[in-house]
Amino acid sequence: MALNIFGIMGKKQIGIFVLLMVCCVPFKTLKAQSLHPGTPGEGDVEQMFYAALSKKTVEDNAGAAAVFTKILEIDPNNDASLYELANIKKLQKKYPDALPLLEKAVTIKPDNSWYWLSLADVYEKNNDFLKLENVFTQLIRLNPDKPDVYFDKANALFLQGKYDDALKVYDAVEKITGPSDDLTLNRQKVYLKQGNPDKAAASLEALIAASPNNIRYYLMLADLYNSVNQPDKTAKVLERAKKVDPNNGLIHLGLADIYRDKKNVDGSFSELEQAFSVPELSIDQKIRIIAGYIPQFADPNARASALALSKLLVTSHPEDARAHAIYGDILLQNDKVSEAKASYKKSIAINDQVYEVREQLVRIAMGENDLATVIKDGEEALSFFPNQAEMNYFVGLAWLQKKDAKKALTYLKNAASLELQDKELLSQTYSALGDCYHELLNNKLSDESYDKSLQYNAENIYTLNNYAYYLAVRGENLIKAATMAKHAVEAKPNEASFEDTYAWVLFKQKKYTEAKTWMEKAMLHNKDKSATQAEHYGDILFNMGNADAALQSWIKAKEYGGKSAGLERKINEKKYSE
């Protein structure tokens, strides 16, 4: 265990002292001592010392150390230089080098508190608590009215297992400061180490008796009993506290833990509800509790409990955007999409600077295929957060689905340039860019984008499918197209659009029997009547020599909504044409 050498009560004050002790050295310590004839005089040493301090001020520690070292060659007992050089060694984490310098400095000037404090820091780093104890003894000698140093000494004794001696030091502190919570807590720590929880409890009961309305003492006592695994006593103390302050959230949280450990689920949750209803209880603590349910969301009861607590969260913290955002998340997990959207919007109305909440709204709109909302909310989000790759991807994808490839291209290129780490997002972005360039009749850039998508994720089945299909449509690189299409149907069986693509690649390879088999699978697995699949099936049948069946399939394609001139020509001429 690391030792806090600056104590419980005086940490900030001592921190300031440490800063000062680096800079403030009494003038009289600078003078050279026991100078021999022919050596530099006192004035020279002083000039060298201030020159070293100047170097240290501009963070030229190496230069400063060289000058301090030179001073010590001239005057080995120059305590100020010993101290300053030691501090430079400490900054360089060279504690073994700093140690002898400081030990010599305190020998030369035993009444200098700064030297002792710096030495204490080195002993603490080395976990040399016995020597540290002596340092604090010296500091108490120099500062007998400062309780901070007593606390430090008691802590050093505690870490050596000298518990009775530590208690005696706390008694000395009490003579200076009178009773205090810090003394009670530190004594309690000692009593527990001595295996005497009853004595620790008695000291807290005395505080309660003196201040029966101070809830903090009840909570301290409950925590004590909890630390020594006495749940019944813990519960009794908390129930006592509850009578004093029934609206204290920490009391309800403590009881919730006790009931949970006793498998009293209803009792535990009831206490949680009461705690969440208290506005004064930290929202951060409440959010952590709700987050604890997330790993259990496979259990509907866990989702329901989180939902109930989230609702209480927005009731007790209606002006906190985080409450509405968390409520939205939990509503979404409970499939309450409409209510989740409303909660996210409330969160944004309070604080519009949280990107994640905006992203949740856009994701919902994507899931609902509400392209107009994706574009509207996404572009608004990008006005606040223009460098979010995923939001650029969402908006670009929405424009692409709305058949505006030029607008889509801008956002998708932004997404590709902004994202550096997420390989899946990069794969999806380049896949969409491939679709985009295809729509813009730029086959070269389309193929390059698809290839890049597969570099980031060779298993991206949507890229495999679309790339294969467009190669087949162009009648190019059919071997590669067949390999990709086959990979896609194997990776996701019974997907009609993938089966249709594979069938069409096989058709282009003039493998009509295989193409027929796969097109029939596609039509079987497609829940909707597809004009494209019906037309393709007719093309396959015609090339297999079954012109009558082909004509019937083309007619069905027209009935299903097919309107292309090519389809009309096939029906009118009763034959296949490219």
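The values are calculated or read from the model by the stated rules, or taken from the named source; none is laboratory data. Not measured: the values here are computed from a predicted model. Backbone-built Cβ (ideal geometry, glycine too); neighbour counts: all protein chains shown. We work out accessible area using only protein heavy atoms, side chains counted, and drop any ligands, DNA or RNA first. Shrake-Rupley method; radii C 1.70, N 1.55, O 1.52, S 1.80 Å.
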Exercise. Report, in whole Å, the centroid distance computed from the Cα atoms of segment 153-230 and segment 76-119.
Key: 36 Å
Quiz item: Per 5 Å bin, what is the whole-percent P(r) computed from every C-alpha pair distance within segment 311-400?
Solution: 3, 16, 26, 22, 19, 10, 4, 1, 0
Practice problem: Tally up the carbon and sulfur contribution to the accessible surface of the chain as a whole percent, 1.4 Å probe, everything protein left in place. | Solution: 52 percent
Quiz item: Applying the Karplus parametrisation 6.51 cos²θ - 1.76 cosθ + 1.60 with θ = phi - 60° to the phi angles of segment 255-272, what ³J(HN,Hα) value in whole Hz is obtained for each residue in order, glycine and proline being reported as x?
Solution: 5, 4, 5, 4, 5, 5, 5, 8, 6, 8, 5, 5, x, 5, 5, 4, 5, 4
Quiz item: Per residue, how many Å² of accessible area does segment 486-578 show with a 1.4 Å probe?
Solution: 55 Å²
Exercise. Pick out, from Ile208, Phe385, Ala408, the residue whose Cα sits farthest towards the positive end of the charge dipole of the chain, with +1 on the Cβ of Lys and Arg and -1 on the Cβ of Asp and Glu.
Key: Ala408
Practice problem: Mind scanning Lys341/Lys452; Lys193/Lys236; Lys402/Lys511; Lys345/Lys413; Lys243/Lys346 and naming the pairs with a C-alpha gap bigger than 31 Å? | Solution: Lys341/Lys452; Lys402/Lys511; Lys243/Lys346
Quiz prompt | For segment 204-265: accessible area per residue (Å², 1.4 Å) | solution = 55 Å²
Quiz item: Over segment 195-247, what number does the Rg to Rh ratio reach, with both radii from the alpha-carbon atoms and Rh per Kirkwood?
Solution: 0.95
Quiz item: By average Cβ neighbour count within 10 Å, what is the ranking of 393-403, 131-141, 226-236 from highest down?
Solution: 393-403, 131-141, 226-236
Exercise. With just the Cα atoms of segment 360-497, tell me how far they stretch along each of the three principal axes, in Å, largest first.
Key: 46, 31, 29
Quiz item: So which GluC sites (Glu not before Pro) in segment 435-476 end up in coil per DSSP with only 13 or fewer other C-beta atoms within 10 Å?
Solution: Glu459, Glu476
Quiz item: Hey, what's the Cα Rg ratio for the chain versus the globular rule of thumb, 2.2 N^0.38 Å?
Solution: 1.57
Exercise. Per DSSP H run of at least 4 residues, take -39500 (n - 2.57); add these up for the chain, divide by its residues and hand me the 222 nm value, nearest 500 deg cm²/dmol.
Key: -24000 deg cm²/dmol
Quiz prompt | Under Karplus coefficients 6.51, -1.76 and 1.60, residue-wise ³J(HN,Hα) of segment 357-367 in Hz, glycine/proline x | solution = 5, 4, 5, 4, 4, 5, 4, 4, 4, 4, x
Quiz item: Kirkwood hydrodynamic radius (Cα pairs, Å) of segment 226-289?
Solution: 11.8 Å
Quiz item: What lysines could a cross-link reach from Lys516, if we take a straight Cα to Cα line under 27 Å and drop same-chain neighbours fewer than 8 places away?
Solution: Lys480, Lys486, Lys492, Lys508, Lys527, Lys529, Lys556, Lys558, Lys563, Lys570, Lys574, Lys575
Quiz prompt | At R0 = 41 Å, FRET efficiency that the Cβ-Cβ distance of Leu440 and Arg288 yields, to 0.05 | solution = 0.25
Self-check item: Quarter of the Cα convex hull surface for segment 457-573, i.e. its orientation-mean projected area (nm²)
Solution: 6.9 nm²
Quiz item: If you roll a 1.4 Å probe over the heavy atoms of the protein chains, what accessible area per residue do you get for segment 90-194, in Å²?
Solution: 46 Å²
Quiz item: What number, in percent, do you get for the relative contact order of the chain if the mean sequence gap of Cα pairs under 8 Å and at least 6 apart is divided by its residue count?
Solution: 4 percent
Quiz item: For segment 45-157, what's the relative contact order in percent, using C-alpha pairs closer than 8 Å and at least 6 residues apart?
Solution: 15 percent
Quiz item: Each residue of segment 390-402 in order: what ³J(HN,Hα) in whole Hz does its phi give by Karplus 6.51 cos²θ - 1.76 cosθ + 1.60, θ = phi - 60°, with x for Gly and Pro?
Solution: 5, 5, 4, 5, 4, 5, x, 5, 5, 4, 5, 5, 8
Practice problem: Within segment 185-282, report the GluC sites (Glu not before Pro) that DSSP leaves as loop and that have at most 16 other Cβ atoms within 10 Å. | Solution: Glu280
Practice problem: Mind ranking Leu433, Leu219 by accessible surface for me, highest first, 1.4 Å probe? | Solution: Leu219, Leu433
